[in-house]
Amino acid sequence: MAEAIRAEVLARQARGKAAPAKRAQADKVLADAQKALSLAREALKQPPGTDYQAPPRTTYPAKSTGRRLAFARWITDESNPLAARVAVNHIWGRHFGRAIVPTVNDFGRNGQPPSHPALLDWLAAELMDRGWSMKAIHRLIVTSAAYRRDSHPDPADLARDPDDVLLWRWAPRRAEAEVVRDCVFAVAGALDSTVGGPDIPYQSGLAVPRRSLYFQHAAEKQMEFLRIFDAAGVTECYRRKESILPQQALALANSELSLRMARRLAATLSDQVGSDPSSFVAAAFERVLSRPPTAAERDECLRFLGPGAAPRRREGLVHVLLNHHDFVTIK
């Protein structure tokens, strides 16, 4: 029907612009188009049937012309290192939280210059020399001294380079939304690491222990827990925005998910360490924050637990640790 309407409109427009010598031919084309439109309208009034015929489709040649392959080879040619520089800039930014060229979507004159141009060029050359193996570049970065630096600030270096442009330390940053949610399940031993499968309704995010990447994620389908912690944008993939909002603390403090996982982890640790509160505090810190408690933290936790092994107090302590700043911070 739509095609018939389109053909009739085009024929009418062509007739209006036709020269007098070609008016008869234009009239015939218009009459044929109007007849086809009339038949389409009559067919539309008929009850549905099974005699549908698919419209003709374009038949593509069995052999490629090679133009796309030639274009791909031109993009990845060693004499054109732009693609390699863009790729390693993205990889670097994913690992360090800040790319070498801050404007990851603009390498032109309107973008910002690279903080380490020689490093960017060297990584681009390494990517091409290693057969465009991004796995090799990931391994190269995470085994470097820059990536493995201590995150604690040094007063002298902090005074000279407060923004850590020279990479003198690992800059702490907030974990991504999917990591935060998955870690809540993981520390309690409840994360389902099954690989693959269909997408999962986003409404089930607080109940289904699958990894976050398997849930629906679109403009109108976003898990609220992930959205609060700055989930990935659905319209662009250059850089993920980061925000610090009170709703983030409330999401971990009041979420049914964190309360349920705190109860589960407290029961697991109690079975492992018994009734000794000191052992429970040490095990909880190691499991949730991946570090032992300081002396002040241990004393405060022991005062909170009190004598005995009250399950509710232990659940409360684990819940507090899930809301600790170190739990959502990568150092």
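The values are calculated or read from the model by the stated rules, or taken from the named source; none is laboratory data. Treat the numbers as computed from the prediction; the structure is a model and nothing was measured. Glycine gets a Cβ as well: all are built from the backbone with ideal geometry, and neighbour counts include every protein chain shown.
Figures for the structure shown
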quantity	calculated
Test result for ARG287, outside the structural domain of ALA87 (by TED's automatic domain parsing) and either over 30 Å from PHE107 (Cα atoms) or modelled with pLDDT of 90 or more (or both)	yes
Residues of the stretch 266-298 satisfying the condition of being farther than 22 Å from ALA186 by Cβ and not in a helix (DSSP H, G or I)	GLY274, SER275, ASP276, THR294
Residue in the stretch 225-235 that is surrounded by fewer than 16 Cβ atoms within 10 Å (Cβ to Cβ), within 21 Å of ARG94 (Cβ to Cβ), free of Cβ contacts under 8 Å to residues at least 12 places away in the same chain and under 22 Å from the mean Cα position of the chain (by Cα) present	yes
Residue in the stretch 250-262 that is over 25 Å from GLY189 (Cα atoms) and not in a helix (DSSP H, G or I) present	no
Single residue of the stretch 95-150 satisfying the filter (in contact (Cβ under 8 Å) with a residue 24 or more places away in the chain and among the hydroxyl-bearing types (Ser, Thr, Tyr)) that is surrounded by the fewest Cβ atoms within 10 Å (Cβ to Cβ)	TYR147
Test result for ARG109, in contact with a His (Cβ under 8 Å, 6 or more places away or on another chain), of a type in the set (Lys, Arg) and not in a helix (DSSP H, G or I)	no
Residue, surrounded by the fewest Cβ atoms within 10 Å (Cβ to Cβ), within the stretch 73-94, restricted to residues that are without any contact (Cβ under 8 Å) to a residue 12 or more places away in the chain, out of contact with any Ser or Thr (no Cβ under 9 Å at 6 or more places or on another chain) and not aromatic (Phe, Trp, Tyr)	SER79
Members of the stretch 299-331 found to be surrounded by fewer than 14 Cβ atoms within 10 Å (Cβ to Cβ) and not in a helix (DSSP H, G or I), listed by number	GLY306, PRO307, GLY308, ALA310, THR329, LYS331
Residue ID - farthest from GLU224 (Cα to Cα), chosen from residues in the stretch 198-208 that are within 18 Å of the chain's Cα centre (by Cα) and assigned to a loop (DSSP other than H, G, I, E, B)	PRO198
Hey, THR103 farther than 30 Å from TRP168 by Cβ and either of a type in the set (Val, Ile, Thr) or modelled with pLDDT of 95 or more (or both) or not	no
Pair list, Cβ < 8 Å and 6+ apart or interchain, from the stretch 5-19 residues that are in contact (Cβ under 8 Å) with a residue 24 or more places away in the chain to residues that are part of a helix (DSSP H, G or I) and not small (Gly, Ala, Ser)	ILE5/LEU37; ALA7/LEU37; GLU8/LEU30; GLU8/GLN34; GLU8/LEU37
Residues of the stretch 17-64 that turn out to be closer than 20 Å to ALA2 by Cβ and of a type in the set (D, E, K, R), as a count	7
Elements of type helices (runs of 4 or more DSSP H) contained in the stretch 23-97, each with 2 or more residues being touching a Gly at 6+ places or on another chain (Cβ under 7 Å)	none
Any pair with Cβ under 8 angstrom, 6 or more apart, that starts in the stretch 297-323 at a residue that is free of Cβ contacts under 8 Å to residues at least 60 places away in the same chain and ends at one that is assigned to a loop (DSSP other than H, G, I, E, B) and surrounded by 17 or more Cβ atoms within 10 Å (Cβ to Cβ)	CYS301/PRO293
Residue check for ALA177: within 30 Å of ALA87 (Cβ to Cβ) and either in contact (Cβ under 8 Å) with a residue 24 or more places away in the chain or surrounded by fewer than 14 Cβ atoms within 10 Å (Cβ to Cβ) (or both)	yes
Test for GLU178: is it within 18 Å of the chain's Cα centre (by Cα) and in a loop (DSSP other than H, G, I, E, B)	no
